[in-house]
1. Within the range 49-57, identify whether any single residue is assigned by TED's automatic domain parsing to the domain that holds R159, closer than 21 Å to L148 by Cβ and either away from the ligand (no atom under 14 Å from the Cβ) or surrounded by 15 or more Cβ atoms within 10 Å (Cβ to Cβ) (or both), and answer yes or no.
2. For the range 1-45, give me the residue count where each residue is in contact with a strand residue (DSSP E or B) (Cβ under 8 Å, 6 or more places away or on another chain) and within 16 Å of the ligand (Cβ to nearest atom).
3. Any chance you could count how many residues in the range 136-179 are in a loop (DSSP other than H, G, I, E, B) and either closer than 13 Å to L67 by Cα or in contact (Cβ under 8 Å) with a residue 40 or more places away in the chain (or both)?
4. List pairs: first in the range 26-41 and closer than 17 Å to V78 by Cα, second in a helix (DSSP H, G or I) and within 14 Å of the ligand (Cβ to nearest atom), Cβ under 6 Å, 6+ apart or cross-chain?
5. In the range 152-196, what residues are surrounded by 17 or more Cβ atoms within 10 Å (Cβ to Cβ) and closer than 14 Å to H96 by Cβ?
6. Checking E138 against (1) more than 18 Å from the chain's Cα centre (by Cα); (2) within 16 Å of the ligand (Cβ to nearest atom): exactly one of these is not met. Which one?
7. Does V60 fit the bill of being assigned to a strand (DSSP E or B) and within 11 Å of the chain's Cα centre (by Cα)?
8. Are any residues in the range 82-135 part of a helix (DSSP H, G or I), under 30 Å from K32 (Cβ atoms) and either under 18 Å from the mean Cα position of the chain (by Cα) or in contact (Cβ under 8 Å) with a residue 40 or more places away in the chain (or both), and if so, which ones?
Amino acid sequence: MLADLLNHNLLWAAAKTREDPAFFKRLSALQKPEYLWIGCSDSRVPANVITGLEPGEVFVHRNVANLVHRGDLNLLSVLEFAVEALDVEHIIVCGHYGCGGVRAAIDGHRHGIIDHWLQPIRDVADICRHELEELDGEEARHNRLCELSIRAQVDGLSRTPIIKSAWNRGKSLSIHGWVYGLNDGIIRDLNCSHSG
Ligand code: CO
């Protein structure tokens, strides 16, 4: 029920104010997050909740299957603002096992516009065909493709002019690839970080 959401919000705002009377005053004056999160739109992978971050602590961009398309004005605008204006020090690309976008990319069915959006995942699947074929079972192949796609997005980000120019200026900025497990709630670091 929508009314429940608004009621919950009132209780949340009151509780926040009780524990920290200056909380909203401080946040309304300035946001200074240290992290940019690029994650999947999946409702089961909410950035703040699974990392314990409070409002003001993480700048968030989410899309289906956490992809970094070269011409995505939405993502590039978020990225530039996060790097240039907010001065974030860490960018986290967080995908997840069991990602419906990754599944839809290679299930051989026609889904509509989303098929175009998911093309980079098919590209990764093609490039890593041999590695994926060697794995035992559909689930293992799917999980590995989730990881490989995240790594590809981290690589893609590191080659964008926004990131390159930040590194050229000596800015401290790292890009990380993480994967979240829907079935255990645990985030794994894929150890594919880049820093200037
Ligand atoms: Co997903």
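1. Narrowing the range 49-57 to residues assigned by TED's automatic domain parsing to the domain that holds R159: 49-57.
When the remaining residues are screened for being closer than 21 Å to L148 by Cβ, the result is none.
No, there is no match, as no residue in the range 49-57 is assigned by TED's automatic domain parsing to the domain that holds R159, closer than 21 Å to L148 by Cβ and either away from the ligand (no atom under 14 Å from the Cβ) or surrounded by 15 or more Cβ atoms within 10 Å (Cβ to Cβ) (or both).
2. Counting residues in the range 1-45 that are in contact with a strand residue (DSSP E or B) (Cβ under 8 Å, 6 or more places away or on another chain) and within 16 Å of the ligand (Cβ to nearest atom) gives 8.
3. Total meeting the criteria: 4.
4. Once the first residue is closer than 17 Å to V78 by Cα and sits in the range 26-41, its partners that are in a helix (DSSP H, G or I) and within 14 Å of the ligand (Cβ to nearest atom) give W37/A47; G39/A47.
5. Within the range 152-196, Q153, G177, W178, V179, Y180, L190 meet the criteria.
6. Tallying (1) more than 18 Å from the chain's Cα centre (by Cα); (2) within 16 Å of the ligand (Cβ to nearest atom), E138 fails exactly one: (2).
7. Details: assigned to a strand (DSSP E or B): yes; within 11 Å of the chain's Cα centre (by Cα): yes.
In short, yes.
8. A82, V83, E84
The values are calculated or read from the model by the stated rules, or taken from the named source; none is laboratory data. Please read all numbers here as calculations on a predicted model, not as lab measurements. Glycine gets a Cβ as well: all are built from the backbone with ideal geometry, and neighbour counts include every protein chain shown.
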